Structures are given as C-alpha cells and as structure tokens.
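Since the structure comes first, as structure tokens, the remarks are kept for the end.
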Amino acid sequence: MKNKNFTSIALIIFAAFIILLVFRSGKKQAVPTNQTEFSIQTFPFEKGAYWIYKGEVLWSRLSDTTWVIDKDTLIWKMEVLEVTKRGIVTGILLKGFPTDLTWYEKGREPRKTLLVKVGSKYFYGNKEAWERINDENDNLIALVAEGDIILDLPLWKGKNYGETVQLTRPDSSYCWFVTDEKDLFCKNTKGVDPNIKRKQFSIRYRTMPEHEIFDFISGIGFTRYIYQHHGTASEVDVKLIEYYVP
C-alpha cells in the first residue's frame, strides 16, 4: 500500500512538473503588444514624399540695432529629393527640414539637409557624407557621430538617446528625451486616414540657451516642430497639415 501511495504521489508531482514546463514555454513564445508596436516604427522616406507644415515663427531683426521682433504665419514644405542606399546605410537628401525655420528671416528659402539612416537610427549629415554615400568605393567608416543623432527607433516614453556622456544626466538635458506618448487620430492632416488611431511621441532636446521638440508618428514622420531660444527671440511652432508618399 505504501508503494502504491508513493507511486501515485510521484506521478502527480511529475504531471505538475510537465504542466509547469509547458506553461512557461508558452509564456516565452508570447510577444508583448508594446514590443510588436516598437518593431514596426518607421519613417517613410521615399523620393517624392513631402510634408507640409503650417504655423508661426517669431524672430528678432539681428541685422539692425532696433531689435524689433517680427512674427509671421507661414506654410512650409519638406520634401525628399534623393535617396541612396548602401547596405544598412541610407542617405536621405531633403529640402525644407523644419529646423530651417530657426532664426528665421523674411523670405528665407528652404535649404538642403541630409539625414543618414543607419539601421534604425537617423543622424544629421553634411555634403561630404552625401558624397561618400554615393561613392561605392568608400567604406563609410566614421560616417556618422553619436552627437549628430536625431532619431533612434523604436521610441517609448522615458527613453533618452544621444551622446553617451550625456545619457546619465539627471535633468535629461543635452540629449534627446521622449517626454510624452499618446494615442490620437490625425483629423486635420490631408493625406492621412483620420479614422486610424495612431501613437504620437514627443521628443525634446534641451540645452541651457534653447530647446526643440519634435512630435513623431510612425509611418508618417514628424508631425510638429517647436523651437525656442531662451534669450534672443527666436521661436517656431509648426504642425503637419498635409502628407504625401508615392
């Protein structure tokens, strides 16, 4: 009788152990929803794509001694001129990046800006970097620097990125910091389906003299740009009103 009881208890323990293994295995295979969302965050840079922004700019007349402050409401277009891919590196030549509006002067024309995509990170580039990307004999070593990063996907509230030496600062300054994350419908943006709920992230870069904020929505790009200098008057606040991708 004792042997039978021992055998029964052993079988029960073994069965429980097998069930626990199956349960834990099932848990490991499940992917959390937020990780799935992170994996599909994209910035759709394609030749011919464009973003049209509308908003206000404020600036000081630095060319004279009156220091008069001007203000204007304008429409600003950012467009993709060229795209070159080299393995995990993509050069994106833009015209009219929103940062062109800082320290604005009446009649300013859109400038060219290079973004360099490396994996899921985006960096500011320059003319030399564009030439190197288009040179198939260039090994692209030291093409980008961590201080030039502007976007590091995926995003989530509380994430910071930028120069390594700045990431441990308790005030989250001198690096990019995701300050907010919210769900919304783009009801006032032409070219975007207003019935789809999307997640928008606010990314801030703050220094002693100034700060700037980009709002970003995956699959669309930058939906708002804010800039403010803390001394001499220079402010920008533009929002996306139209989006097109071929």
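The values are calculated or read from the model by the stated rules, or taken from the named source; none is laboratory data. From a predicted model like this one, the values you see are computed outputs, not experimental measurements. Ideal geometry is used to build each Cβ from the backbone, glycine not excepted, and the neighbour counts take in all protein chains shown.
Report yes if residue 174 is over 11 Å from the mean Cα position of the chain (by Cα) and in contact (Cβ under 8 Å) with a residue 40 or more places away in the chain, otherwise no. Criteria not met by residue 174. Please go through the stretch 219-230 and give me each residue that is assigned to a loop (DSSP other than H, G, I, E, B) and either at positive phi or among the polar types (S, T, N, Q) (or both), ordered by number. Scanning the stretch 219-230 gives a single hit, 219.
Are any residues in the stretch 219-246 crowded, with 20+ Cβ neighbours inside 10 Å and either within 14 Å of residue 151 (Cβ to Cβ) or at pLDDT 95 or above (or both), and if so, which ones? Full working, then the answer.
Step one: list which residues in the stretch 219-246 are crowded, with 20+ Cβ neighbours inside 10 Å, which gives 220-223, 225, 227, 234, 236, 238, 240, 243.
220, 221, 222, 223, 225, 227, 236, 238, 240, 243 - these are the residues of the stretch 219-246 that are crowded, with 20+ Cβ neighbours inside 10 Å and either within 14 Å of residue 151 (Cβ to Cβ) or at pLDDT 95 or above (or both).
Quick grid of which residues meet (1) closer than 21 Å to residue 97 by Cβ; (2) among the hydrophobic types (A, V, I, L, M, F, W, C):
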position: 146; (1), (2): yes, no
position: 150; (1), (2): yes, yes
position: 154; (1), (2): no, no
position: 160; (1), (2): no, no
position: 167; (1), (2): no, yes
position: 186; (1), (2): yes, yes
position: 191; (1), (2): yes, no
position: 203; (1), (2): yes, yes
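Which residue pairs have Cβ atoms closer than 7 Å, lie 6 or more positions apart in sequence or on different chains, and pair a first residue in the stretch 74-85 that is over 14 Å from residue 244 (Cα atoms) with a second residue that is at pLDDT below 95 and surrounded by 16 or more Cβ atoms within 10 Å (Cβ to Cβ)? As it stands, the answer is 83/45, since those pairs meet every condition given. Among residues of the stretch 179-191 that are of a type in the set (A, V, I, L, M), those with a beta-carbon under 9 Å from a residue that is surrounded by 13 or more Cβ atoms within 10 Å (Cβ to Cβ) and part of a strand (DSSP E or B) at least six positions away or on a different chain give the pairs 184/198; 184/199; 184/200; 184/217. Considering 190, 127, 182, 159, the condition of being among the basic types (Lys, Arg), at pLDDT 95 or above and farther than 25 Å from residue 226 by Cβ is satisfied by 127 alone. Report yes if some residue within the stretch 143-166 is closer than 22 Å to residue 207 by Cα and of a type in the set (Lys, Arg); otherwise report no. Among the residues of the stretch 143-166, at least one is closer than 22 Å to residue 207 by Cα and of a type in the set (Lys, Arg), which makes the answer yes. Please verify whether residue 162 is of a type in the set (Gly, Ala, Ser) and touching a residue at least 60 places away in the same chain (Cβ under 8 Å), treating the condition exactly as stated. The answer is no for residue 162. Residue pairs whose Cβ atoms lie under 9 Å apart, sitting 6 or more positions apart in sequence or on different chains, and linking a residue in the stretch 100-112 that is part of a strand (DSSP E or B) to a partner that is not aliphatic (A, V, I, L, M), are 112/95; 112/96; 112/97; 112/127; 112/130. Within the stretch 195-209, the set of residues being of a type in the set (D, E, K, R) and closer than 15 Å to residue 226 by Cα comprises 204, 206.
Starting from residues that are at negative phi and in contact (Cβ under 8 Å) with a residue 24 or more places away in the chain, keep the ones in the stretch 113-122 and report whichever is surrounded by the most Cβ atoms within 10 Å (Cβ to Cβ). It comes out as 116. Just to be sure, is residue 148 out of contact with any Leu (no Cβ under 6 Å at 6 or more places or on another chain), among the acidic types (Asp, Glu) and either free of Cβ contacts under 8 Å to residues at least 40 places away in the same chain or closer than 16 Å to residue 43 by Cα (or both)? The answer is yes for residue 148.
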